[in-house]
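Student: Before anything else, here's the structure in question.
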Amino acid sequence: MTQTVLILGGKGRFGRHATQAFENAGWQVRQFNRAKDNLATAMQGADVVVMGWNPPGYHLWARQLVALHKEVAKAARAAGATVILPGNVYVYGPEASSPWTAETPHLARNPLGRLRIAAEDAYRAAGTRTIILRCGDFIDGENSGNWFESHIARKAHNGQIRYPGDPTVPHAWAYLPDAARAAVALSQQRDRLNRFEDVPFPGYTLSGDDLAAAISRAIGIKITVRSFNWGLMRLLRPFVPVLGGLFEMRYLWSLPQELDGGRLAALLPDFEPTPIEAALSAALAHQSRPGDAFS
């Protein structure tokens, strides 16, 4: 029998890839239209709901984030649907040593970290069947405004990356097409999972230096690591509200981190990630090259 998934945020980073992955797996895919759809009505008949919504900037999280997740959790519980939630590592805070597992305590005390904890708690409180697929920073196949494509590797074809933290410290990365495939595979066995399932997605664990070396192998040129221009961001901060959140989460770029893959391997023993070089090649295919107008 064909299964149905409702995508919330189908044009967003995770939502786009989830749409393709569920379609490839033969699911009936519905897209939620915020302009005309009712959330409770749209969830009727959906087996799975992909929660790809986020407020459009860190500066709006305090006012919108938790309320948004409470609304989705309540509607999904009423409809009997399982929510797939792409989680992040904000919940751990700097005191929770990695590798991070499903049992690692959520110790974040900064505002954005506490908001993410509260957003996830909304699903527990509602009793909603939930699968959190907890990812590191995204590597996308197109420039979707995330750190990797927009800042770090924007000039990779010119032989450099701009790294925002200590380039010797390991950092967690998730290739979005792989994360979306994992979301489908977990959805297909949702009835055998815990009612609230936290699944760290190991992706790639790479320092800035490791990332530069992998990019070198992917595109065939030597890559040097330069420091990110936080000074410019500091000057812009009073005029760009979203930058406050970037500074708040800056510590993550120098915090040793790794997402433990044990739970994912136990649930999906046949899951094969994309080789890092192939992922980076796809992610950098659209980037400007020497001689381009905006290189």
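Student: What do you reckon, is Thr4 β-branched (Val, Ile, Thr) and either more than 29 Å from Gly113 (Cα to Cα) or free of Cβ contacts under 8 Å to residues at least 12 places away in the same chain (or both)?
Tutor: When the stated conditions are applied, Thr4 passes them.
Student: Working only within the stretch 118-128, note down all residues that are out of contact with any Phe, Trp or Tyr (no Cβ under 8 Å at 6 or more places or on another chain) and surrounded by fewer than 18 Cβ atoms within 10 Å (Cβ to Cβ).
Tutor: Of everything in the stretch 118-128, those that are out of contact with any Phe, Trp or Tyr (no Cβ under 8 Å at 6 or more places or on another chain) and surrounded by fewer than 18 Cβ atoms within 10 Å (Cβ to Cβ) turn out to be Ala118, Asp121, Ala125, Gly127.
Student: Please report, ordered by residue number, the helices (runs of 4 or more DSSP H) entirely within the stretch 1-114 with at least 3 residues that are crowded, with 20+ Cβ neighbours inside 10 Å.
Tutor: Working: elements: 13-24, 39-43, 61-79.
Correct list: 13-24, 61-79.
Student: Of (1) among the basic types (Lys, Arg); (2) within 22 Å of Pro164 (Cα to Cα); (3) surrounded by 13 or more Cβ atoms within 10 Å (Cβ to Cβ), Arg234 satisfies all except one. Which?
Tutor: (3)
Student: Is it the case that the stretch 166-176 has a residue that's within 28 Å of Pro269 (Cα to Cα), of a type outside the set (Phe, Trp, Tyr), in contact with a Phe, Trp or Tyr (Cβ under 7 Å, 6 or more places away or on another chain) and part of a helix (DSSP H, G or I)?
Tutor: yes
Student: Can you name the condition, by its number, that Gly159 falls short on among (1) surrounded by 17 or more Cβ atoms within 10 Å (Cβ to Cβ); (2) touching a Ser or Thr at 6+ places or on another chain (Cβ under 8 Å)?
Tutor: That leaves (1) as the condition not met.
Student: When Pro269 is evaluated against the numbered criteria (1) in contact (Cβ under 8 Å) with a residue 40 or more places away in the chain; (2) under 23 Å from Thr104 (Cβ atoms), which criterion, by number, is the only one it fails?
Tutor: (1)
Laboratory data are not the source of any read-out in this text; all were calculated from the coordinates shown. Keep in mind that what you see is a predicted model, and the values were worked out from it rather than measured. Glycine also receives a Cβ, built like all others from the backbone with ideal geometry; neighbour counts cover every protein chain displayed.
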